[in-house]
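Some notes on the structure that comes next.
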Amino acid sequence: MDVLIKPMETEEEIRGKARVHWQAWHEAYTGLIRQDFLDQWTLEACTRRAFRWTDGTLVAKDGDRVVGFICTGDRGQEAPGVGEVFALYVLAEYYGSGLGQRLMQAGLEALGDYPEICLWVLKGNARAIRFYEKCGFRFDGSETVSPAHGSAELRMVLERRP
């Protein structure tokens, strides 16, 4: 597979990220979150979000086509000194290709020396949970309910040893 992982830089890449975000939500979350919320998760909404949130994003490009992305950054005042994987999505046609692993590795490298990295995963999302566990993340017992879609999310943490 000749997929390039790089910082998101161009308007075309931002629009590609939006398309992946929209498509991946429908591929991965049907049956896991309310259908009425998914119906409102439009390409236009994802495009607006993509243009607002450009920092800390790496895209995976197969030729000129964005086929995945990862967004990382600092937790800020909520958890000082903790990095976070805010989003990692790959189109379903790339499941099992190793692209998710490559994106995660690139995202962890972008997070530098954070001793702790966290992420939130939908409760019941067995595929994602298995993937994050393979990457070394473990549940820390934290759970929340998304105010946006009403589904439970579980926190996973990766502790890095110096």
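Nothing in this text is a laboratory measurement; each read-out follows from the coordinates by a stated rule. Since we're looking at a predicted model, the values are computed, not measured. Cβ sites come from the backbone with ideal geometry, for glycine too, and all protein chains shown count toward neighbours.
Quick one: Karplus J couplings for segment 86-92, per residue in order, coefficients 6.51, -1.76, 1.60, θ = phi - 60°, nearest Hz, x for Gly and Pro?
6, 7, 8, 9, 9, 4, 4
Suppose the chain between Asp74 and Ala45 were pulled fully straight at 0.36 nm per residue; how much longer would it get relative to their current alpha carbon spacing?
That pair, Asp74 and Ala45, stretches by 8.0 nm at full extension.
Once you mark the trypsin sites (Lys or Arg not before Pro) that are in a DSSP loop and have at most 15 other Cβ atoms within 10 Å, what is the longest gap between them in the chain? Kindly include the intermediate steps, with their values, before the conclusion.
Numbers: sites that count: Arg34, Lys123, Arg160.
Value returned for the longest uninterrupted segment is 35-122.
State, as an integer percentage, the relative contact order of the chain based on alpha-carbon contacts under 8 Å between residues 6 or more apart.
Computed over the chain, the figure is 21 percent.
For the chain, return all DSSP H helices satisfying: extent of Cα atoms along own axis at least 20 Å; mean Kyte-Doolittle hydropathy at least 1.6.
Result, helices passing both filters: zero.
Under 24 Å between C-alpha atoms is the cut-off here; go through the chain and count lysine pairs that meet it, provided they're at least eight residues apart or on different chains.
Counting lysine pairs in the chain gives 6.
In square nanometres, what is one fourth of the surface area of the convex hull spanned by the alpha carbons of the chain? All intermediate terms of the calculation are to be shown ahead of the outcome.
Values: hull surface 37.5 nm².
Over all viewing directions, the chain projects a mean Cα-hull area of 9.4 nm².
Once the other residues with Cβ under 13 Å from the Cβ of Leu99 are scored (Lys, Arg +1; Asp, Glu -1), what is the net sum?
Counting the neighbours of Leu99, the net charge comes to 0.
If you take the beta carbon distance between Glu116 and Asp36 as r and set R0 to 22 Å, what does 1/(1 + (r/R0)^6) give as a FRET efficiency, to the nearest 0.05? It would help to have the intermediate numbers written out before the result.
Numbers: r = 36 Å, r/R0 = 1.61.
Working from the Cβ atoms, E equals 0.05.
In segment 2-64, which GluC sites (Glu not before Pro) fall in coil by DSSP and have 12 or fewer other Cβ atoms within 10 Å?
On the way: sites: Glu9, Glu11, Glu12, Glu13, Glu27, Glu44; in loops: Glu9.
Of the GluC sites (Glu not before Pro), the ones in loops of segment 2-64 whose Cβ has at most 12 other Cβ atoms within 10 Å are Glu9.
Which residues' amide hydrogens lie under 5 Å from the amide hydrogen of Val67, considering only partners 5 or more residues apart or on another chain, with H built in the peptide plane?
Ala60, Lys61, Asp62
Roughly what % of Cα-Cα distances in segment 24-99 sit above 22 Å, to the whole percent?
Value for segment 24-99 (Cα pairs over 22 Å): 35 percent.
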